[in-house]
Amino acid sequence: MKITKQNAEHYIWGDHCDGWHLVKNLELSVIQERMLPHTSEVRHFHQYARQFFFILKGTATMEVGGQKIRLHSQEGIEVPPLTPHQMLNESDEEVEFLVVSQPHSHGDRVLADEF
């Protein structure tokens with residue numbers, strides 16, 4: 001079956017940000033997300049999942065292990081397991097990006113403040 005944002009499972013996270021599960025199984029997760037201007041994810045890490053974030057539209061800031069990295073459209077970054085990270089949209093524009101996790105990251109997230 002062809003997967004699109006229109007037929008993918010949708011969810012809302014954070015401060016009215018959107019996510020669409022493009023692939024959702026135990027071995028692999030591919031999610032397209034949209035962040036409104038001046039929103040952010042909570043700082044966290046994953047015990048097992050390795051993640052890759054790829055910006056489709058806009059400019060995002062990714063904090064990884066205490067270092068802020070600016071990501072523009074068509075740029076990405078890999079985040080290994082056990083590495084605290086946080087996606088931020090510090091711009092005045094929406095940001096759209098892909099999050100690829102292997103294995104899936106559902107139930108694997110630990111808030112960085114709790115560690």
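The values are calculated or read from the model by the stated rules, or taken from the named source; none is laboratory data. Remember, predicted model here, so these are calculated numbers, not experimental data. Quick reminder, even Gly has a Cβ in these numbers, built from the backbone with ideal geometry, and neighbours come from all protein chains shown. In case anyone asks, the SASA skips ligands and DNA or RNA and just uses the protein heavy atoms, side chains included. Shrake-Rupley method; radii C 1.70, N 1.55, O 1.52, S 1.80 Å.
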Kindly report, to the nearest 10 Å², the accessible surface of residue 23 as traced by a 1.4 Å probe over protein heavy atoms only.
50 Å²
Ordering 29, 73 from largest to smallest accessible area (1.4 angstrom probe), what's the sequence?
73, 29
Net charge near residue 62 (other residues with Cβ under 14 Å of its Cβ; Lys, Arg +1; Asp, Glu -1) is -3
Partner aspartates and glutamates whose C-alpha sits under 13 Å from that of residue 68, ignoring same-chain residues fewer than 8 away, are 90
From the phi angles alone, apply the Karplus equation (6.51, -1.76, 1.60; θ = phi - 60°) to region 28-34 and give each ³J(HN,Hα) in whole Hz, x where the residue is Gly or Pro.
8, 10, 10, 10, 9, 10, 10
Taking a straight Cα-to-Cα line shorter than 21 Å from residue 5, and setting aside same-chain lysines fewer than 8 residues away, one finds 24, 57
Count charges around residue 85 for me, please; just the other residues with Cβ under 9 Å from its Cβ, Lys/Arg as +1, Asp/Glu as -1.
-1
Debye-sum result for the chain in log10 I(q)/I(0), which assumes one identical scatterer on each alpha carbon, at q = 0.13, 0.17, 0.23 Å⁻¹
-0.46, -0.81, -1.49
Where the centroid of each part is defined by its Cα atoms, how far is region 84-112 from region 1-50 in Å?
8 Å
Taking a probe of 1.4 Å and leaving out DNA, RNA and ligands, region 17-70 shows per residue an accessible area in Å² of 48 Å²
Just to verify a number: FRET efficiency for residue 82 and residue 3, C-beta to C-beta distance, R0 = 22 Å, to 0.05?
0.15
Quick one: pull the percent of accessible area on region 49-115 belonging to carbon and sulfur, 1.4 Å probe, ligands and nucleic acids left out.
51 percent
